[in-house]
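The values are calculated or read from the model by the stated rules, or taken from the named source; none is laboratory data. Since the structure is predicted, the reported quantities are computational estimates derived from the model, not experimental observations. Please note: Cβ atoms are built from the backbone with ideal geometry, for glycine as well, and neighbour counts cover all protein chains shown. The area values use the complete protein model at the heavy-atom level, side chains included, leaving out ligands, DNA and RNA. Shrake-Rupley method; radii C 1.70, N 1.55, O 1.52, S 1.80 Å.
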Amino acid sequence: MTVSSAPSPPGPARSADARPDRPCVTELRLSAFGGHRRAAFALGPLTLFTGPSGSGKSRVLQAYEALARLGGGAELAEAFPHPAACVPERARPDAQRRRGFRIGCTADGPQGPVRLDIAVQAEPELRVVGERLTSGGLILLETALLDPGRATVQAAWHTADASPVTRAPLPDDRLGTGLLPLRVAGRTEGQRRVLAAAEQMVVALRSVFACDPSPRWMRTPAPLGAGRLLPGCDNLAAVLWRTRAECARRHALLASAVGAGCAGRVVDLLAEPLGDGTVRALLDRGDGLRTPLELLGDGELRYVALALVLLTGPGVLAVDPAGEVPAALQTLTVLADDLDRCMDRRQARGLLELAARMCERGHIRLVGAVSEASCAAGTEGVTVVDLGP
């Protein structure tokens, strides 16, 4: 376990051979966001944020999720439903009564580290006022709000042709990086570099599943349907109905993991149709005894749901990965606020050990917030960021 109590400085440049095949976010920057100022957090395969209430753990995950939504093409209002809450409390409005916030991230991958930074105006109206995409010290895309009366920003992207940059307006309610494939032809080497960097950033951001299992709704029978797990895990029973038949090996791993986090003997985890178009989940205790999941405690239910998330993938979770990129070249990142909520120390430790094993393989990453970091003690591969004083 690695513990960090301060933002990590950038590491030394790496050779091309050391670059990851799967794009992933390796740093999150909250330059001015909520209670965070000039903060930069290095993210490993399994990163946990801890600290007292009010230290900003949830804000970190909120910023990450917002960037992921923007990378997937969402409008600003969807990514920031309460933008005024993101503005630093002591931020003073300018002469035009404007206030806002700034966040960014770095995505590493085949193109090397690519940085994205955005400035958002939250008041008096929500809009992007600046965006910058850089790679290797070169600015590949830069936008700026020049005319507050227009719903656009002026963008300039790297061309490396007869004209070094191309200028054009872009909407002020979306991430410009995600729009570049629609605007850049890719005829010059410079344009191709822009497209490659933009694709790496978008792929790294899009495959994110923000998960917060709700035991209350997990106790309700779920309607049979497509079987993609919702962020609140309300339809866990329907997903089990699907996944149990799809991959016996993965289901056996899930049953074993559930046995480690639930009281009593567990030999299997299954789903049972109720005859009205719904299905409920049960624990098979052996000897013909089955326990409906609605009888489990909140900690057990959250443990079961999060174990399922860690042992599955984008095809089962309600995420929208980049369809044009093979799944083998994408990494799923799970965001889990209050990861250890309702769990005892044994459950939290068992879940983190499972997460460490899965994250070690490289196809999944986890960024979570925990109330007590001691549950990670002795677990290899866990980076703990302490936001406390």
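Observations on the model:
- Of residues in the range 50-63 being in a loop (DSSP other than H, G, I, E, B) and among the hydroxyl-bearing types (Ser, Thr, Tyr), the one least open to solvent (accessible area, probe 1.4 Å): Ser55
- Asp94 exposed (fewer than 14 other Cβ atoms within 10 Å of the Cβ), under 19 Å from Pro181 (Cα atoms) and either aromatic (Phe, Trp, Tyr) or out of contact with any Gly (no Cβ under 6 Å at 6 or more places or on another chain) (or both): no
- The residue list Leu170, Leu180, Leu116, Leu195 contains one member that is in a strand (DSSP E or B) and farther than 24 Å from His36 by Cβ, which is Leu170.
- Residues in the range 157-178 that are under 27 Å from the mean Cα position of the chain (by Cα) and over 16 Å from Val114 (Cβ atoms): Leu170, Pro171, Asp172, Asp173, Arg174.
- Ala39 being under 21 Å from Ala107 (Cα atoms), at pLDDT 95 or above and assigned to a helix (DSSP H, G or I): no
- Test for Arg249: is it open to solvent by 60 Å² or more (accessible area, probe 1.4 Å), part of a helix (DSSP H, G or I) and not small (Gly, Ala, Ser): yes
- If you filter the range 73-90 down to residues that are assigned to a loop (DSSP other than H, G, I, E, B) and open to solvent by 20 Å² or more (accessible area, probe 1.4 Å), you find that the one that is nearest to Leu179 (Cα to Cα) is Gly73.
- Single residue of Gly264, Gly232, Gly225 found to be open to solvent by less than 30 Å² (accessible area, probe 1.4 Å) and in a loop (DSSP other than H, G, I, E, B): Gly232
- Pairs meeting the criteria (first residue in the range 14-32 and modelled with pLDDT of 80 or more, second residue of a type in the set (S, T, N, Q) and assigned to a strand (DSSP E or B), beta carbons under 8 Å, at least 6 apart or on different chains) are Cys24/Thr333; Val25/Thr106; Val25/Thr333; Thr26/Thr106; Glu27/Thr106; Arg29/Thr106.
- The condition (being among the hydrophobic types (A, V, I, L, M, F, W, C), over 18 Å from Ala271 (Cβ atoms) and modelled with pLDDT of 90 or more) is satisfied by just one residue among Leu205, Leu240, Leu236: Leu205.
- Scope the range 353-388; condition of a type outside the set (D, E, K, R), out of contact with any Lys or Arg (no Cβ under 6 Å at 6 or more places or on another chain) and without any contact (Cβ under 8 Å) to a residue 40 or more places away in the chain; matching residues: Ser374
- Number of positions in the range 282-295 that are open to solvent by 10 Å² or more (accessible area, probe 1.4 Å) and closer than 17 Å to Thr220 by Cβ: 4
- Test: residue in the range 86-106 that is among the charged types (D, E, K, R), modelled with pLDDT under 95 and within 26 Å of Val370 (Cβ to Cβ): yes
- Residue list for the range 29-49, filter: under 19 Å from Gly381 (Cβ atoms) and open to solvent by less than 10 Å² (accessible area, probe 1.4 Å): Leu46, Thr47, Leu48, Phe49
- Arg115 charged (D, E, K, R) and within 28 Å of Gln200 (Cα to Cα): yes
- Qualifying residues in the range 140-163 (those that are in contact with a helix residue (DSSP H, G or I) (Cβ under 8 Å, 6 or more places away or on another chain) and surrounded by fewer than 16 Cβ atoms within 10 Å (Cβ to Cβ)) - the one nearest to Glu75 (Cα to Cα): Ala160
- Total residues in the range 153-167, condition in a strand (DSSP E or B) and of a type outside the set (A, V, I, L, M): 5
- Residues satisfying the stated conditions in the range 369-389, i.e. part of a loop (DSSP other than H, G, I, E, B) and among the aliphatic types (A, V, I, L, M): Val370, Ala377, Val382, Leu387
- Whichever residue in the range 339-368 is aliphatic (A, V, I, L, M) and touching a Ser or Thr at 6+ places or on another chain (Cβ under 6 Å) and, among such residues, is surrounded by the most Cβ atoms within 10 Å (Cβ to Cβ): Val367
- Thr134 passes every criterion in (1) closer than 20 Å to Val25 by Cβ; (2) of a type in the set (Ser, Thr, Tyr); (3) in contact with a Ser or Thr (Cβ under 9 Å, 6 or more places away or on another chain) apart from (3).
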